[in-house]
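These notes are about the structure you will find just below.
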Amino acid sequence: MPLEQVHTQPDPYAPYLLSQAIRAGGFIFVSGQAGVGDDGTIVAPDDFDRQADQAFRNLRRALEAAGSGLDRIAKVTIFLTSMAHFPKIVALRRKWFSTPYPADTIVEVSALYSPEAMIEIEAIALAAEDRT
């Protein structure tokens, strides 16, 4: 089974030598998506809500570039630098996902790749059955 790299435009992660996502068989594996703007910097360094919204938009963009979508996610892992934001995650899941909601793991970490980043989301999704 060949691995297919998924590219987004823009791709702020390219300088770090990682793929936004990889398509393998019937699955899409999405790298952690943070609240990164098109210029590659964290949006609103002190605003969790804006970062979280951007992270979900970036997740959607990576999935769409792979020919999939948020409605095809089977599993997400959400990394937070503070569990104080956990109640907001429930509201974000309601905003961005629909039933059946994806399986989910939420993990508090001491830091992410940038000291300004407060959230990062990785996902495993089903590839679209018809890519035409």
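One table, with the values for the structure above:
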quantity: Expected-Rg normalisation [2.2 N^0.38 Å, Cα atoms] applied to the chain; calculated: 1.00
quantity: Solvent exposure of the range 46-125 as accessible area per residue, Å², 1.4 Å probe; calculated: 50
quantity: Label point distance in nm, A128-A74, each placed 7 Å from Cα along Cα→Cβ; calculated: 1.9
quantity: Simple spin-label estimate for S114 and K95 in nanometres, 7 Å along Cα-Cβ; calculated: 1.9
quantity: By average C-beta atoms within 10 angstrom, highest first, the peptides 25-32, 62-69, 36-43; calculated: 62-69, 25-32, 36-43
quantity: In degrees, nearest ten, helix 86-96 long axis to first principal axis of the chain (Cα); calculated: 40
quantity: Nearest-0.05 FRET efficiency for M1 and A44, computed from C-beta distance (R0 35 Å); calculated: 0.30
quantity: C-alpha long axis of helix 48-65 to longest principal axis of the chain, angle in °; calculated: 10
quantity: Carbon/sulfur fraction of accessible area - the chain, other protein chains in place, 1.4 Å, %; calculated: 55
quantity: Percent antiparallel among DSSP beta bridges (both partners in the chain, rounded to 5); calculated: 80
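The values are calculated or read from the model by the stated rules, or taken from the named source; none is laboratory data. Keep in mind the model is a prediction, meaning the values are calculated, not measured. In this analysis, Cβ positions are derived from the backbone assuming ideal geometry, glycine residues included, and neighbour counts consider all displayed protein chains. Areas reflect the complete protein model, heavy atoms only, side chains present, ligands, DNA and RNA absent. Shrake-Rupley method; radii C 1.70, N 1.55, O 1.52, S 1.80 Å.
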